[in-house]
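*Asks:* Got a structure for you, written out below as structure tokens; questions coming shortly.
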Amino acid sequence: MNRPSKQPICSAWLLIIMNLVFGTSLAQTITWSEHIAPILYDNCTQCHIDGGIAPFSLVGYDKAKNHANSIAAATQNRSMPPWPADPKYRRYAHERILSTEEIEQISQWANNNAPQGDISKAPADPKPTSGASLSQPTLSLKMPNYTVNTSSDEYRCFVLPSGFTADQYLTAIEVVPGNRKVVHHVLVFYDTSGIPAQKDQADPKPGYLSFGGTGSPTSQLIGVYVPGQEPYQFPDGLGAKLLKNGSIILQIHYPSYVQNEVDSTRVLLKTTTETLRNMIIAPAVNHAQSLQNGPLYIPADQTKTFVSKFSLNNTLTVFAVAPHMHLVGKSIKAFNVNGKDTIPIVNIPNWDFHWQRTYIMRQPLIFAKGSTIWGEGYYDNTAQNPNNPNSPPVAVSAGEGTKDEMMLVYFWVAGFVPGDEFKIVDFTPLKNISTTKIAKQHWIKIYPNPGRGNQLWLESQNPCIAYSVFDAAGKIVKSGVPLYDNQLSGTMIPTADIPAGYYQIMMQFADGQRQSQSWIKN
Ligand code: HEC
């Protein structure tokens with residue numbers, strides 16, 4: 001038998017061996033000027049700039065070199081740039097995430113003593129942005145000067161009457177921070193009740209302290225700002241209805257340890273009195289309305305998973321989402337289920353109250369009439385949760401305070417109109433993250449197997465929050481939330497209604513992972 005391929009295989013091996021022996025000397029040298037500066041200026045200097053919210057600047061070679069090792073570490077574990085959504089679950093418009101190659105380049109550069117390279121090839125240094133970018137706003141409102149002096153995170157609401165004498169449709173919104181060093185994030189609400197104004201009056205300083213929302217049940221979220229974010233433009237023909245005589249409430253997060261910094265943040269709105277298709281921003285995942293195993297109550301020293309379910313009476317177009325929990329919350333996820341099809345919406349595997357944001361779909365998602373929006377929130381009310389606001393832990397229930405909890409996912413949503421699926425927001429190619437590590441498999445045990453009785457018991461390393469039982473043909477015969485049996489202190493699936501046969505039990509865990517195992521019923 002002849003082997004024509006022998007020769008090429010040998011030379012390929014030779015190349016690999018040469019690469020192993022000579023290492024980077026054969027590879028291209030990664031320099032700040034050519035490779036690293038463009039990455040940092042695209043992904044970091046919105047915050048890491050003089051006068052920005054990050055604790056140090058990354059503008060210029062010297063600063064980057066000084067931080068080379070910590071930059072490599074923070075990018076490798078994906079803590080920087082902050083982007084809490086799991087990119088393996090869903091990708092969004094205008095993402096701020098690094099590709100596997102970019103992370104690898106930073107690491108090589110740092111390991112190689114952070115060379116500068118040919119400075120003439122470096123991009124121009126970014127300048128701090130100050131002004132607004134939305135042109136010709138209908139309304140520009142500025143909060144009064146507020147001097148921030150705080151040793152812990154401060155959440156303060158500022159009430160700005162809209163002056164609208166007629167109902168309007170909001171078509172674009174931009175938040176322009178007054179002091180970029182201290183404005184960590186802003187939630188923008190609209191309210192026609194008098195509650196925010198009353199709270200403002202009761203607080204001697206400008207605005208009033210309020211952690212979760214505005215403290216008014218009628219407040220409607222209309223925008224979310226994080227540093228570096230562009231104004232949000234509603235798609236053509238759509239707008240969010242704002243009733244006349246309402247107020248805009250800016251809830252600003254000022255980070256801990258700020259001294260004598262003055263802020264006066266502005267909000268710019270584009271509105272029209274013309275009637276548009278109404279886009280609503282509503283929490284379809286909502287602990288107050290759709291929990292299957294509520295109420296939202298987490299006893300001290302316990303972890304708990306809540307599942308919410310919301311069935312759709314109409315076909316909907318979803319443009320963006322924004323998850324919201326407080327400090328005991330650890331992970332949150334939402335997905336749409338239509339028969340056997342699941343549309344992933346958002347997954348935040350490591351919830352961090354400090355990095356809330358809106359995730360805008362690259363292309364709108366269409367949810368069919370009769371389908372279901374599922375939400376899953378996992379809470380850790382033990383002393384092991386470093387963000388637990390109580391030490392020792394105490395029972396936590398739903399509310400707006402720092403020590404209360406919430407489970408919300410806001411949806412920017414409108415009734416579906418054919419053509420919505422083509423309203424593409426972001427045409428840029430996706431960055432490659434393919435070789436990023438994937439979570440390990442969970443330890444699970446299901447018994448008895450083969451099964452006989454009326455229950456199938458589950459034991460798993462991570463709480464199983466939902467299951468589906470598929471038959472040999474791949475059809476779902478049963479699905480739901482596993483039941484907790486207090487007497488036997490175990491988690492189980494009732495199986496009396498399942499006929500004898502071969503099945504796959506698909507389990508969904510609190511951290512978002514799914515895993516399946518085969519099971520036989522005799
Ligand atoms: C949206 C704002 C923002 C962006 C974008 C951002 N950072 Fe940060 N960074 C911060 C803040 C704020 C801190 C301070 C710690 C904190 O609050 O988490 C920080 C801290 C750091 C630290 C200190 C160690 C750590 O992990 O906390 C490093 C290193 C760092 N950033 C590197 C980067 C790099 C590299 C990029 C871009 C690839 C980047 N950051 C993008 C805001 C940002």
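*Asks:* Looking at this model, which pairs from Lys65/Lys88; Lys478/Lys521; Lys340/Lys423; Lys142/Lys205 are more than 20 angstrom apart at the alpha-carbon?
*Replies:* Lys65/Lys88; Lys340/Lys423
*Asks:* Per residue of the chain, what 222 nm ellipticity follows from adding -39500 (n - 2.57) for every DSSP H run with n ≥ 4, rounded to the nearest 500?
*Replies:* Calculated at 222 nm, the ellipticity per residue is -3500 deg cm²/dmol.
*Asks:* Put a dot 7 Å past each Cα toward the Cβ at Tyr447 and Asn149; how far apart are the dots in nm?
*Replies:* It is 6.4 nm.
*Asks:* Loop-only check: which trypsin sites (Lys or Arg not before Pro) in the range 159-216 are DSSP coil with at most 14 other Cβ within 10 angstrom?
*Replies:* none
*Asks:* Next up: Counting only complete DSSP H runs, which helices of the chain cover 20 Å or more along their long axis at the Cα atoms and score a mean Kyte-Doolittle of 0.0 or above?
*Replies:* Correct list, ordered by number: 6-22.
*Asks:* Further, regarding this structure: When the scattering of the range 281-420 is computed by the Debye formula from its Cα atoms alone, each counted once and equally, what is log10 I(q)/I(0) at q = 0.09, 0.17, 0.19 Å⁻¹?
*Replies:* Values, matching the q order: -0.28, -0.87, -1.03.
*Asks:* What list of ³J(HN,Hα) couplings, whole Hz, do you get for the range 304-317 from phi and the Karplus terms 6.51, -1.76, 1.60, once you set θ to phi - 60° and write x for glycine and proline?
*Replies:* Each residue of the range 304-317 in turn: 8, 10, 10, 10, 10, 9, 9, 9, 9, 8, 9, 7, 10, 10 Hz.
*Asks:* Same structure again: Rounding to the nearest 20 debye, state how big the charge dipole of the chain is about its Cα centre with +1 on each Lys and Arg Cβ and -1 on each Asp and Glu Cβ.
*Replies:* About 1060 debye.
*Asks:* What FRET efficiency comes out for Asp118 versus Asn69 if R0 is 35 angstrom and r is the Cβ-Cβ distance? Round to the nearest 0.05.
*Replies:* According to the calculation, E is roughly 0.90.
*Asks:* Here is a further query. Compute from the Cα atoms of the range 191-283 the Rg and the Dmax, the latter being the longest Cα-Cα distance, and quote both in angstrom.
*Replies:* Cα-based Rg and Dmax for the range 191-283 come out at 15.3, 46 Å.
*Asks:* Something else about it: Out of all DSSP beta bridges in the chain, what portion is antiparallel? Express it as a percent rounded to 5. Spell out each step's value before the answer.
*Replies:* Numbers: 119 of 123 bridges.
Bridges in the chain are about 95 percent antiparallel.
*Asks:* Counting every Cα pair in the chain, what percent are over 39 Å apart?
*Replies:* Summing the P(r) tail past 39 Å for the chain gives 35 percent.
*Asks:* In percent, what relative contact order does the range 139-278 have, based on Cα pairs under 8 Å that are 6 or more apart in sequence? It would help to have the intermediate numbers written out before the result.
*Replies:* Values: 343 pairs, mean separation 72.5, N = 140.
So the answer I get is 52 percent.
*Asks:* Still on this structure, I have one more. Can you pull the Rg over Rh of the range 184-224, Cα-only, Kirkwood?
*Replies:* 0.95
*Asks:* Label Arg91 and Ala496 with points 7 Å out from Cα along Cα→Cβ: what is the distance between them in nm?
*Replies:* 4.9
*Asks:* Can you pull out the chymotrypsin sites (Phe, Trp or Tyr not before Pro) in the range 25-78 that DSSP calls coil and that have at most 16 other Cβ atoms within 10 Å?
*Replies:* Phe56
*Asks:* Given a Förster distance of 22 angstrom, what is the FRET efficiency for Val477 paired with Asn293, based on the Cβ-Cβ distance and rounded to 0.05?
*Replies:* So the FRET efficiency works out to roughly 0.50.
*Asks:* Report the convex hull volume per residue for the range 152-197, counting only C-alpha atoms, in Å³. Before the final figure, lay out the partial values.
*Replies:* Details: hull volume 4.9 nm³, N = 46.
Residue-normalised Cα hull volume stands at 106 Å³.
*Asks:* OK, next. Within the range 333-372, report the trypsin sites (Lys or Arg not before Pro) that DSSP leaves as loop and that have at most 11 other Cβ atoms within 10 Å. Present the calculation step by step, with values, prior to reporting the outcome.
*Replies:* Values: sites: Lys333, Lys340, Arg357, Arg362, Lys369; in loops: Lys340, Arg357, Lys369.
Filter output for the range 333-372: Lys340.
*Asks:* With an 8 Å cut-off on Cα pairs and a minimum separation of 6 or more residues, tell me the relative contact order of the chain in percent.
*Replies:* Details: 1141 pairs, mean separation 72.7, N = 522.
Relative contact order, the chain: 14 percent.
*Asks:* Note down the magnitude of the dipole of the range 444-521 about its Cα centre, charges +1 on Lys and Arg C-beta and -1 on Asp and Glu C-beta and zero elsewhere, to the nearest 20 debye. Could you put the intermediate results ahead of the total?
*Replies:* On the way: 6 positive and 5 negative charges, 37 e Å.
Using Cβ point charges on Lys, Arg, Asp and Glu, the range 444-521 gives about 180 debye.
*Asks:* At q = 0.20 Å⁻¹, what is the base-10 log of I(q)/I(0) for the range 89-173 according to the Debye formula with one equal point scatterer per Cα and no solvent? Please give it to two decimals.
*Replies:* Here the Debye-derived log intensity ratios amount to -1.16.
*Asks:* Test of understanding: ordering Ser391, Ser256 by Cβ neighbours within 10 Å, fewest first, what list do you get?
*Replies:* Going from least to most buried by this count: Ser391, Ser256.
All of the numbers you see were taken from the coordinates with simple rules; none came from a lab. Since this is a predicted model, take the numbers as computed values, not measurements. Backbone-built Cβ (ideal geometry, glycine too); neighbour counts: all protein chains shown.
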